[in-house]
Amino acid sequence: MKTLDWSLLSRILAGVVGGYALTALLTLLVTRLLTLLGLSAPEALHATAMASFLAYAAIIMAIFHASSATRAWLWLLVTAALAALILAIAGMGAAL
């Protein structure tokens, strides 16, 4: 395969697998934040589940809009790490 083909394959993998993982992480994060703001858990989950379809599409578009596959992966990993950190901090508040 040529370099372009590997770049495209990498972006497809980032979009499908990484995008799905980031969408799931963001769905958990937003659901947790909405419950902390006083929304009931079923309502928060329902609202974020509907919005997650838009988020997944936006993440895939952002991955293919990136100037290189490396930048797409870097953006994906940094965003996921930040979301996981915020989710961990928000989760620690529930234990106190």
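Each reported figure results from applying straightforward, stated rules to the coordinates on display, with no laboratory input. Note that the coordinates shown come from a computational prediction; the quantities given were computed from them, not determined experimentally. Cβ coordinates were reconstructed from backbone atoms using ideal geometry, including for glycine residues, and neighbour counts include every protein chain displayed.
Data for the structure
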{"read-out": "Order of ILE60, ILE89 under a 10 Å beta carbon neighbour criterion, fewest first", "value": "ILE89, ILE60"}
{"read-out": "MRE, 222 nm, helices only [DSSP H, n ≥ 4, -39500 (n - 2.57), over the chain, to nearest 500]", "value": "-29000 deg cm²/dmol"}
{"read-out": "Mean-position separation - Cα centroids, the stretch 1-47 and the stretch 56-80, in angstrom", "value": "11"}
{"read-out": "Correct choice for Rg/Rh (Cα atoms, Kirkwood Rh) that was computed from the model, options (i) 1.08; (ii) 1.06; (iii) 1.01", "value": "(i)"}
